[in-house]
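Structure record follows, encoded as structure tokens.
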Amino acid sequence: MAVPGRHERQHHIAVAEGEVGRYVLLPGDPGRCELIAAFFDDARLVARNREYETWTGTLDGVVVSVTSTGIGCPSASIAVEELVRAGADTFIRVGTSGAMQPHIQPGDIGIIHGAIRDEGTTRHYLPIEFPAVADIDVTRALAEGAKISGRPVHVGVAQSKDSFYGQHEPGRMPIAGELQRRWQAWMAGGAICSEMEAAGIFIVASCLGVRAGGIMLIMGHHDQAPMTEEETERGSMADFLPAAIEGLRTLIESDRRRGDR
Amino acid sequence: MTDDLQYHVQLRAGDVGRYVLLPGDPGRCEVIARHFTDPVKIASHREYETWTGTLDGERVSVTSTGIGCPSAAIAVEELIKVGADTFIRVGTSGSIQADTAPGSLSIVTAAIRDEGTSSHYLPIEFPALADPSVVDALTTAARALGVTWQRGVSQSKDSFYGEVEPDRMPLAEVLHERWAAWTLGGAICSEMEASTIFTIAAIHRVRAGGVMFTAGPGVDFESSKEPLLRVASDALRVLIRNDRAGMTWP
């Protein structure tokens, strides 16, 4: 199968060059794209195909987009590959994650500057020893922007896993012992939260020479204890999104100041 | 912290500041310590030599790690036991990208775990990351000095000759293929200690970073060390200032 060129509609995301800005927010869930696009000026739906939905608008006069990645690194890597072909060069993963440290509470914000490659996709790109690392300028802007939330902001490593239920119900998996030992190791290494796409986004970004970072709403407890009603409320996506948008604004402003590209 | 004399570095609590520069070569400690005020040689044992002085009134140290992650891991473990919590690896490196100028400085943001030591600490999937506050301090220092610098990922390898003379190794093809992968991944420099220093720092919740001088034809450490050592010591000053102000990154 021929891979579409820049000017054609990309095979999976169905976006063509010029239909997205250089800045793209990347939620997992297509159902969250419209909610995020509501923060843009003049937002319009650009494309919708499979798990990929894309909206484009402006923020402080700069063209920005949001594209859902679907769940997991296989679909997230496709989204980033095709978005770069369509003209994007700066990616911000935005989504929910599970807490991995006792001092991190539901509703806190995680800024991820690196990811554990606990998934299969990135091995198709680079040997496993290569670090999945976020761009420091993106990370700094997100951490600064998140301050407006008034919530605790944690900068650290995310676990990017391939199996949601392997994390949430490890005890019932045939490799339960291994899953539990590795989870303990990630916590000992200081990982702050668990999600499913960051490593793929960071590694593909490194290979394509573009920037990426991530801002996560933290849900759940490090020991997976059930959340109270109040904690669930604190985990509202709508209340968290202004922090992510402020991070993007901060990045746009710092790029402008630096006269970057 | 412990008052016990540390087995390999021969240091005890109070011998070093919380800020420590980490060259590989013990022969470089004295010249690095000249960037401190009132430097004193504290210990010298095996490949580990330590000097302590002050910068802006704050105690700072330099300890050599020896070559490679096995000895660097020991240095960092023992330095943390005697009170250090901020590390900057400082040394020479080979370039990976064709456009990296010899003599330029590489500020390391993360490292490829192309070595055996860090796997004794964390599964290989875990990223070896520099602390962003250290990366930013090094960037601020390099910008102020007006030197040529780049920022990115370092390859931390276990075999020097596997990198510089891959063709004579039984694993030549694998070495070449992996080197090509690091290049395509955007790695900027090759050295031998950063990944383990970063991994151990993560486990102990302390800060680490690195700045590397790019060796090349006609450019070696001796002839061009001053900008490297200025950036490393100025970065410590930035961290000291921010720490005194109680600032948390960013």
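Hey, could you check the range B:23-74 for residues that are of a type in the set (D, E, K, R) and free of Cβ contacts under 8 Å to residues at least 60 places away in the same chain and say which is farthest from B:Gly162 (Cα to Cα)? Outline the logic, then answer.
To start, the set of residues in the range B:23-74 that are of a type in the set (D, E, K, R) comprises B:25, B:28, B:30, B:34, B:38, B:41, B:46-47, B:49, B:56, B:58-59.
Within this subset, residues satisfying the condition of being free of Cβ contacts under 8 Å to residues at least 60 places away in the same chain are B:30, B:34, B:38, B:41, B:46-47, B:49, B:59.
Details: B:Glu30: 30, B:Arg34: 34, B:Asp38: 41, B:Lys41: 35, B:Arg46: 25, B:Glu47: 22, B:Glu49: 27, B:Arg59: 39 Å.
Filtering the range B:23-74 for residues that are of a type in the set (D, E, K, R) and free of Cβ contacts under 8 Å to residues at least 60 places away in the same chain, the one farthest from B:Gly162 (Cα to Cα) comes out as B:Asp38.
Listed here are the residues, each with its yes/no results for (1) in contact with a Leu (Cβ under 7 Å, 6 or more places away or on another chain); (2) under 30 Å from A:Gly57 (Cα atoms).
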position: A:Gly171; (1), (2): no, no
position: A:Ala176; (1), (2): no, no
position: A:Gly200; (1), (2): no, yes
position: A:Ile203; (1), (2): yes, yes
position: A:Val210; (1), (2): no, yes
position: A:Ile215; (1), (2): yes, yes
position: A:Pro226; (1), (2): no, no
position: A:Glu230; (1), (2): no, no
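Of all the strands (runs of 3 or more DSSP E) wholly in the range A:1-113, which have at least 1 residues that are among the basic types (Lys, Arg)?
Numbers: elements: A:23-26, A:41-49, A:52-59, A:62-67, A:90-99.
Hits in the range A:1-113: A:41-49, A:90-99.
Among the residues of the range B:106-122, count how many are assigned to a loop (DSSP other than H, G, I, E, B) and either without any contact (Cβ under 8 Å) to a residue 60 or more places away in the chain or surrounded by fewer than 24 Cβ atoms within 10 Å (Cβ to Cβ) (or both). I'd like the intermediate steps shown before the answer.
At the first step, the residues of the range B:106-122 found to be assigned to a loop (DSSP other than H, G, I, E, B) are B:115-117, B:121-122.
Then keep just the ones that are either without any contact (Cβ under 8 Å) to a residue 60 or more places away in the chain or surrounded by fewer than 24 Cβ atoms within 10 Å (Cβ to Cβ) (or both); that gives B:116-117, B:121-122.
Final tally of qualifying residues: 4.
Take the residues in the range A:123-162 that are of a type in the set (Asp, Glu) and part of a loop (DSSP other than H, G, I, E, B); name whichever of them is nearest to the other protein chains (Cβ to nearest Cβ).
As a first pass, look at the range A:123-162 and keep what is of a type in the set (Asp, Glu): A:129, A:135, A:137, A:144, A:162.
Restricting the remaining residues to those that are part of a loop (DSSP other than H, G, I, E, B) gives A:129, A:135, A:162.
Details: A:Glu129: 4, A:Asp135: 9, A:Asp162: 11 Å.
Restricting to residues being of a type in the set (Asp, Glu) and part of a loop (DSSP other than H, G, I, E, B), the top hit is A:Glu129.
Return yes when B:Gly152 is in contact (Cβ under 8 Å) with a residue 12 or more places away in the chain, away from chain A (no Cβ under 14 Å) and of a type outside the set (A, V, I, L, M) and no when it is not.
On the way: in contact (Cβ under 8 Å) with a residue 12 or more places away in the chain: yes; away from chain A (no Cβ under 14 Å): no; of a type outside the set (A, V, I, L, M): yes.
In short, no.
Quickly run through the range A:187-220 and pick out the residues that are assigned to a helix (DSSP H, G or I), touching a Phe, Trp or Tyr at 6+ places or on another chain (Cβ under 7 Å) and closer than 20 Å to B:Thr199 by Cα. Break it down into steps so the answer makes sense when it comes.
So in the range A:187-220, the residues assigned to a helix (DSSP H, G or I) come out as A:187-188, A:198-208.
Restricting the remaining residues to those that are touching a Phe, Trp or Tyr at 6+ places or on another chain (Cβ under 7 Å) gives A:201, A:203-205, A:207.
If the condition is that a residue be assigned to a helix (DSSP H, G or I), touching a Phe, Trp or Tyr at 6+ places or on another chain (Cβ under 7 Å) and closer than 20 Å to B:Thr199 by Cα, then A:Ile203 is the only one that fits.
For the range B:34-66, how many residues meet the condition of being in contact with a Gly (Cβ under 6 Å, 6 or more places away or on another chain) and either closer than 21 Å to B:Ser93 by Cα or part of a loop (DSSP other than H, G, I, E, B) (or both)?
Of the residues in the range B:34-66, 3 are in contact with a Gly (Cβ under 6 Å, 6 or more places away or on another chain) and either closer than 21 Å to B:Ser93 by Cα or part of a loop (DSSP other than H, G, I, E, B) (or both).
Just to be sure, is A:Ala86 more than 30 Å from B:Trp182 (Cβ to Cβ), out of contact with any Leu (no Cβ under 9 Å at 6 or more places or on another chain), modelled with pLDDT of 95 or more and buried (at least 23 other Cβ atoms within 10 Å of the Cβ)?
Working: more than 30 Å from B:Trp182 (Cβ to Cβ): no; out of contact with any Leu (no Cβ under 9 Å at 6 or more places or on another chain): yes; modelled with pLDDT of 95 or more: yes; buried (at least 23 other Cβ atoms within 10 Å of the Cβ): yes.
So A:Ala86 does not fit the description; no.
Which residue, of A:Leu179, A:Leu248, is outside any loop (DSSP other than H, G, I, E, B), without any contact (Cβ under 8 Å) to a residue 24 or more places away in the chain and among the hydrophobic types (A, V, I, L, M, F, W, C)?
On the way: A:Leu248 fails: without any contact (Cβ under 8 Å) to a residue 24 or more places away in the chain.
One residue alone meets the criteria, A:Leu179.
Given the criterion among the aliphatic types (A, V, I, L, M) and within 10 Å of chain A (Cβ to nearest Cβ), identify the matching residue among B:Ala144, B:Ala202.
B:Ala202
The conditions are (1) at positive phi; (2) within 14 Å of chain B (Cβ to nearest Cβ), and A:Gly220 fails exactly one of them. Which is it?
With respect to (1) at positive phi; (2) within 14 Å of chain B (Cβ to nearest Cβ), A:Gly220 is out only on (2).
When you go through (1) within 19 Å of the chain's Cα centre (by Cα); (2) farther than 25 Å from A:Asp118 by Cα one by one for B:Pro166, which number turns out not to apply?
(1)
Assess whether B:Trp179 counts as being away from chain A (no Cβ under 11 Å) and at pLDDT 95 or above. Break it down into steps so the answer makes sense when it comes.
Working: away from chain A (no Cβ under 11 Å): no; at pLDDT 95 or above: yes.
Taking the combined requirement at face value, the residue does not satisfy it.
Could you list, in sequence order, the residues of the range A:163-184 that are surrounded by 17 or more Cβ atoms within 10 Å (Cβ to Cβ) and within 11 Å of chain B (Cβ to nearest Cβ)?
A:Arg182, A:Trp183, listed by residue number.
Identify the residue in the range B:86-105 that is touching a residue at least 12 places away in the same chain (Cβ under 8 Å) and within 14 Å of another protein chain (Cβ to nearest Cβ) and, among all such residues, is surrounded by the fewest Cβ atoms within 10 Å (Cβ to Cβ). Give the derivation first.
Residues of the range B:86-105 that are touching a residue at least 12 places away in the same chain (Cβ under 8 Å), as a first pass: B:86-97, B:100-105.
Then keep just the ones that are within 14 Å of another protein chain (Cβ to nearest Cβ); that gives B:96-97.
Values: B:Ile96: 23, B:Gln97: 14.
Only one residue fits best here, namely B:Gln97.
B:Glu77 fails exactly one of the following numbered conditions: (1) touching a residue at least 60 places away in the same chain (Cβ under 8 Å); (2) part of a loop (DSSP other than H, G, I, E, B); (3) surrounded by fewer than 20 Cβ atoms within 10 Å (Cβ to Cβ). What is the number of that condition?
All conditions pass for B:Glu77, except number (2).
Which ones in the range B:182-191 are within 11 Å of another protein chain (Cβ to nearest Cβ), surrounded by 21 or more Cβ atoms within 10 Å (Cβ to Cβ) and touching a helix residue (DSSP H, G or I) at 6+ places or on another chain (Cβ under 7 Å)?
The one that is within 11 Å of another protein chain (Cβ to nearest Cβ), surrounded by 21 or more Cβ atoms within 10 Å (Cβ to Cβ) and touching a helix residue (DSSP H, G or I) at 6+ places or on another chain (Cβ under 7 Å): B:Gly185.
The values are calculated or read from the model by the stated rules, or taken from the named source; none is laboratory data. Not measured: the values here are computed from a predicted model. Here Cβ is always computed from backbone atoms with ideal geometry, including for glycine, and neighbour counts include all displayed protein chains.
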